[in-house]
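Chemist: Here you go, one structure.
Please treat every number below as a calculation from the coordinates, not as lab data. The structure presented is a predicted model; accordingly, all values stated were derived computationally and were not measured. Don't worry about glycine lacking a Cβ; one is built from the backbone with ideal geometry, like all the others, and counts go over all protein chains shown.
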């Protein structure tokens, strides 16, 4: 299998404000989820960090980041996207 590198930025294709935490989630609500469309034609469903819900728009650019979360099971790292 060939290894491919994806672009670090993409555009918001869809987003949703989550105000209730799923039972098995390690990220506390409220948070935002989004579909990020990468230039290579691949979409990523991910956590989205933005200054506010009102700052979001379909087509706005976002970049990947690595974030550390403190959970009851210890620290966990996850890739998220941040708006630009």
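Chemist: Is it true that some residue in the stretch 9-17 is in a loop (DSSP other than H, G, I, E, B) and surrounded by 10 or more Cβ atoms within 10 Å (Cβ to Cβ)? Even if it seems obvious, please write down each step before you answer.
Modeler: First, pick out the residues of the stretch 9-17 that are in a loop (DSSP other than H, G, I, E, B): none.
No, that holds for no residue.
So that you can scan it fast, the table gives a plain yes or no per residue for (1) surrounded by 14 or more Cβ atoms within 10 Å (Cβ to Cβ); (2) in contact (Cβ under 8 Å) with a residue 24 or more places away in the chain; (3) over 13 Å from the mean Cα position of the chain (by Cα):
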| site | (1), (2), (3) |
| --- | --- |
| 28 | no, no, yes |
| 32 | yes, yes, no |
| 41 | no, no, yes |
| 56 | yes, yes, no |
| 61 | no, yes, no |
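Chemist: In the stretch 21-48, how many are out of contact with any strand residue (DSSP E or B) (no Cβ under 8 Å at 6 or more places or on another chain) and more than 15 Å from residue 8 (Cβ to Cβ)? Can you show your working first?
Modeler: Just the residues of the stretch 21-48 that are out of contact with any strand residue (DSSP E or B) (no Cβ under 8 Å at 6 or more places or on another chain), to begin with: 21-25, 28, 40-42.
Okay, now just the ones that are also more than 15 Å from residue 8 (Cβ to Cβ), so 21-25, 28, 41.
Qualifying residue count for the region: 7.
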